[in-house]
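Novice: Would you mind keeping the following structure in view while I ask a few things?
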Amino acid sequence: MPVKSNARETTQAARHATPTEDPEPMRSRRPPIGPFLLAALAAVAGLIGTYLFFVRTTTGQFIDESALVEATELYGTAVKASLRFLDFLPAISAALGAGALGYAAIVRRRWAASLTALAAAGAANLATQVLKNDVFTRPYRGIETFTENSLPSGHTTLAASAAAAIFLVSSPRWRPFVAFAGATYAVATGIATLVNQWHRPADIVAAFLVVAVFMAPAAWIVLITGRSWNAWEGFGSHPGSSRLWVALPTLAGLGAAAVAVVALVRIAPLPGQEASTTNYFWAGCAFVAISGYLVSVAASWLVSAAARRT
């Protein structure tokens, strides 16, 4: 009988023993890096494709330049003078980004996330200047335009990178809202540079893609270095996580696509239909909005899905 009692006690002790395979069962798992690398590679491919078509081909140059010419005809120097505030845009974007990163680092103690977002934003802006001034060239294709290359847009890169940095250091429950608000800010900035006749539509889209190239891997780093605060309960768990913030940019993108279709149809008018002189401009604005909101939805989905896995 004593032998049986000892055996029973040994069995019970084994059942209640602390497992050694998972010493930290509550610790979140590391999200896979694959989707983030694929997102960065897709942005690189989009950037190269945008440059090759809109800068290196005659058709692309004509489409892009026509949007800029029509912006000049539509708004002229009067509106250009009223958009002087764009001169302060770099300072505004820098202040917004610095304020958010400082708050996240000092108040929220998210030093790693803040430094990662800052490094990614800095790299995106540096890459834009290198690409525009030293890598990309604008050949003459018979289109009367500025001979200097202007792709990607520096103003748009600064605005988009500031918005993306704020997105990265935001709490997971606020990220869907921040993604929509940041995309709206970046898209509005890009279209304003077109209205102000500073940049062509392709310059603006290229800026979005440059930011995406650097922010995709940065997002993965933020997730793996801040697993303690990056857990997410899913859409609808908080006002900032409402599905509305995904639906709005989706609807905005679809609306922009409809504008683009109408503008493109009117570029080649049907018999009896009068041609318009603003179609390239509106198509360019739609191209900018579609790109900006598409990147926003993709970023929100990618980061939120990874945070929910943890």
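The values are calculated or read from the model by the stated rules, or taken from the named source; none is laboratory data. Since the model is a prediction, treat every value here as computed from it, not as a measurement. A quick note on method: Cβ atoms are made from the backbone with ideal geometry, for glycine too, and the neighbour counts reach across all protein chains shown.
Novice: Which one of the conditions (1) β-branched (Val, Ile, Thr); (2) surrounded by 17 or more Cβ atoms within 10 Å (Cβ to Cβ); (3) at pLDDT below 90 does residue 3 fail to meet, given that it meets all the rest?
Specialist: Residue 3 satisfies every listed condition except (2).
Novice: Can I ask one more? For segment 217-228, what are the residues that are of a type outside the set (D, E, K, R) and either assigned to a helix (DSSP H, G or I) or surrounded by 15 or more Cβ atoms within 10 Å (Cβ to Cβ) (or both)?
Specialist: 217, 218, 219, 220, 221, 222, 223, 224, 225, 226
Novice: Now for a different question. With (1) within 22 Å of residue 197 (Cβ to Cβ); (2) not in a loop (DSSP other than H, G, I, E, B) as the list, and residue 35 as the residue in question, which single condition is left unmet?
Specialist: (1)
Novice: Sort out which residues of segment 181-201 are surrounded by fewer than 24 Cβ atoms within 10 Å (Cβ to Cβ) and under 13 Å from the mean Cα position of the chain (by Cα), and write them in order of number.
Specialist: 181, 184, 185
Novice: Does segment 138-173 hold any residues that are part of a loop (DSSP other than H, G, I, E, B), farther than 21 Å from residue 123 by Cα and not basic (Lys, Arg), and which are they?
Specialist: The initial filter retains those residues of segment 138-173 that are part of a loop (DSSP other than H, G, I, E, B), namely 138-153, 170-171.
Checking the rest, the ones that are also farther than 21 Å from residue 123 by Cα come to 138-148, 171.
Across segment 138-173, the qualifying residues are 139, 140, 142, 143, 144, 145, 146, 147, 148, 171.
Novice: Show the residue pairs meeting these rules: Cβ distance below 6 Å; 6+ apart or different chains; first residue within segment 216-240 and under 23 Å from residue 41 (Cβ atoms); second residue at pLDDT below 85.
Specialist: Within 6 Å, the pairs are 223/31; 223/230; 223/306; 224/30.
Novice: Oh, and also: Does segment 281-299 include one or more residues that are at pLDDT below 85 and either under 30 Å from residue 104 (Cα atoms) or surrounded by fewer than 16 Cβ atoms within 10 Å (Cβ to Cβ) (or both)?
Specialist: So the first thing to find is which residues in segment 281-299 are at pLDDT below 85, and the list is none.
Checked segment 281-299: no residue is at pLDDT below 85 and either under 30 Å from residue 104 (Cα atoms) or surrounded by fewer than 16 Cβ atoms within 10 Å (Cβ to Cβ) (or both).
Novice: Another question, if that's okay. If you take the residues of segment 229-246 that are assigned to a helix (DSSP H, G or I) and farther than 25 Å from residue 111 by Cβ, which of them is farthest from the chain's Cα centre (by Cα)?
Specialist: 239
Novice: With the requirement that a residue be surrounded by fewer than 13 Cβ atoms within 10 Å (Cβ to Cβ), at pLDDT below 65 and of a type outside the set (D, E, K, R), what does segment 16-49 give you?
Specialist: 16, 17, 18, 19, 20, 23, 25, 26
Novice: Got at least one residue in segment 50-64 being within 23 Å of residue 120 (Cβ to Cβ) and at pLDDT 95 or above? Before the answer, list the steps.
Specialist: In the first step, residues of segment 50-64 are kept if they are within 23 Å of residue 120 (Cβ to Cβ); the result is 50-51.
Okay, now just the ones that are also at pLDDT 95 or above, so 50-51.
So far as segment 50-64 goes, yes, one or more of its residues are within 23 Å of residue 120 (Cβ to Cβ) and at pLDDT 95 or above.
Novice: Residues 89, 126, 131: which one is under 30 Å from residue 53 (Cα atoms) and either in contact with a strand residue (DSSP E or B) (Cβ under 7 Å, 6 or more places away or on another chain) or at pLDDT below 85 (or both)?
Specialist: Sole residue among the options that is under 30 Å from residue 53 (Cα atoms) and either in contact with a strand residue (DSSP E or B) (Cβ under 7 Å, 6 or more places away or on another chain) or at pLDDT below 85 (or both): 89.
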